[in-house]
Structure formats: C-alpha cells, structure tokens
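The values are calculated or read from the model by the stated rules, or taken from the named source; none is laboratory data. Since this is a predicted model, take the numbers as computed values, not measurements. SASA here: full protein model, heavy atoms, side chains in, ligands and nucleic acids out. Shrake-Rupley method; radii C 1.70, N 1.55, O 1.52, S 1.80 Å.
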Amino acid sequence: MHLIKITLLLSLMALCHMSQVQALSANFEKYLNCFQAINEGASLLIENSIPSLKIMVLCIDYRPRLDRGLNSFLKYIRVVHEFAKKAIYNKPDCIVQMLSAAITLLKPTERKFNQLKCFDD
C-alpha cells in the first residue's frame with residue numbers, strides 16, 4: 001500500500017514539473033498506452049499460469065505426498081520445493097518448454113511495447 005502511495009506521489013511531482021499542457025497530455029497518453037501494454041502482458045501471463053503449471057506437472061510426472069492431517073504453510077512450501085527440485089534437476093527441458101511458450105505468448109505485447117517507445121525519453 002505504501003508503494004502505491006509513493007508511486008502516486010512521485011507521479012504527481014513529475015506532472016507538476018511539466019510547463020506545457022500539450023506536452024503533459026501527450027506524455028500522459030503515452031504512459032497510459034504503455035501501462036495498458038504492460039497490463040495486457042501481465043493478464044496474459046496470469047490467465048495462462050494455471051494451465052501451464054498443469055502441463056508442467058504432467059511433464060515432470062510429479063505426484064506430491066499429501067499428509068491428510070497436516071495443513072500447515074510449511075507443508076505447502078515443502079511441496080513447492082519438491083516440485084521445483086524435481087523440475088530443475090530431473091526435467092529441465094520442461095522448464096525450457098514452459099518459458100518458450102511464455103515468450104511466444106508475450107511476443108505481440110512486446111512488439112506493441114516497442115512500437116510505443118515506452119523507454120525512449
């Protein structure tokens with residue numbers, strides 16, 4: 001929450017340093033378009049995260065040990081650790097496959113981001 005407040009404060013301070021109204025509106029529109037491109041990419045990743053994790057579980061053939069009595073946070077950390085260890089050491093090609101699918105998914109968003117020239121200032 002503090003990060004959002006700081007970001008808003010810095011954004012307002014940056015807007016106050018602009019002297020021309022036209023430059024302000026043009027830059028503001030550019031930044032809004034950049035944020036929209038970032039938002040589209042993030043939503044694509046979030047939307048496809050669960051199916052890609054399911055595919056990864058099938059790829060590395062992971063079957064966690066589930067203790068019925070224990071429902072602690074440490075149990076979930078242990079399951080994630082075992083999953084990551086098995087994926088990294090036994091089947092790294094599954095990770096490469098998942099990352100290449102993510103890159104393919106984000107290519108149109110990256111092209112739009114580059115066309116907007118968001119980092120050119």
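With every protein chain left in place, what is the accessible area per residue of the stretch 64-108 in square angstrom, probe 1.4 Å?
83 Å²
Compute the length gained on full extension between S49 and E110: take 0.36 nm times their separation in residues and subtract their Cα-Cα distance, giving the result in nm to one decimal.
That pair, S49 and E110, stretches by 20.1 nm at full extension.
Mind checking the full-extension length gain between N33 and K91? Use 0.36 nm per residue of separation minus the Cα-Cα distance, one decimal, nm.
Full extension from N33 to K91 adds 17.0 nm.
How large is ³J(HN,Hα) for each residue in the stretch 36-53, as worked out from phi by the Karplus curve 6.51 cos²θ - 1.76 cosθ + 1.60 (θ = phi - 60°), to whole Hz, x for Gly and Pro?
Coupling constants for the stretch 36-53: 5, 5, 5, 5, 4, x, 5, 5, 4, 5, 5, 5, 9, 6, 5, x, 6, 5 Hz.
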